[in-house]
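Here's the structure we're looking at; comments come further down.
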Amino acid sequence: TQRQDMWELGGLARKMPVTFAVFLCGAAALAGLPPFSGFWSKDEILLQAFRASPLLYALGVFGAFLTAFYMTRMGIVTFLGKPRGTPEAHESPRVMTWPMIVLAVGAVLVGFVGTPWANSFHAFLVGGAEEHASPHSAGLPLMALSVAAALAGIGAAAGPKALS
């Protein structure tokens with residue numbers, strides 16, 4: 001039978017290297033790490049939250065911390081450490097891994113569409129000129145704080161007892 005409880009897994013990185021690599025791309029995007037796609041969308045949302053209410057921004061940053069924490073913890077428990085009853089584990093067939101690879105490439109590259117370097121493309125998509133020169137220029141300290149929160153979440157999840 002297939003195991004789906006991550007606490008019964010472990011050590012799958014060696015048996016499923018493609019799945020592990022695409023998981024890392026997806027986890028980094030979901031955690032909002034630059035330059036992954038999730039970074040740009042998360043920080044635009046957080047910038048707007050800050051403009052509306054610093055409390056909303058603080059809650060969003062805490063959410064960024066928690067997301068980075070749980071994605072890191074899930075990756076460690078599932079893919080690293082000692083195997084826990086997964087002798088039947090193997091890489092998925094190509095019909096599954098190729099779409100995962102395409103999605104991982106998107107998680108890495110699509111974020112650049114919304115960067116300040118792509119303002120002309122963004123203006124084309126929204127049908128007009130940008131509201132200001134760079135949507136992130138005013139929010140650089142806020143971006144740094146949200147990245148720090150994500151890195152803190154990763155650090156907390158990958159602490160000294162992470163593999164035990």
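The table below gives the values:
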{"quantity": "Reachable lysines from Lys15, criterion Cα separation under 27 angstrom, eight or more residues apart if same chain", "calculated": "Lys82, Lys161"}
{"quantity": "Cα→Cβ-extended label distance, 7 Å offset, between Ser41 and Lys15, nm", "calculated": "3.1"}
{"quantity": "Pairs of alpha carbons in the stretch 1-63 whose separation is greater than 15 Å (percent)", "calculated": "64"}
{"quantity": "Area of Phe20 that stays accessible when all protein chains are in place (1.4 Å probe, Å², to 10)", "calculated": "40"}
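The values are calculated or read from the model by the stated rules, or taken from the named source; none is laboratory data. As the structure is a computational prediction, the values presented were derived from the model and not from experiment. Note that each Cβ is placed from the backbone with ideal geometry, even for glycine, and that neighbours are counted across all protein chains shown. Just the protein is used for accessible areas: all its heavy atoms, side chains included, with ligands, DNA and RNA removed. Shrake-Rupley method; radii C 1.70, N 1.55, O 1.52, S 1.80 Å.
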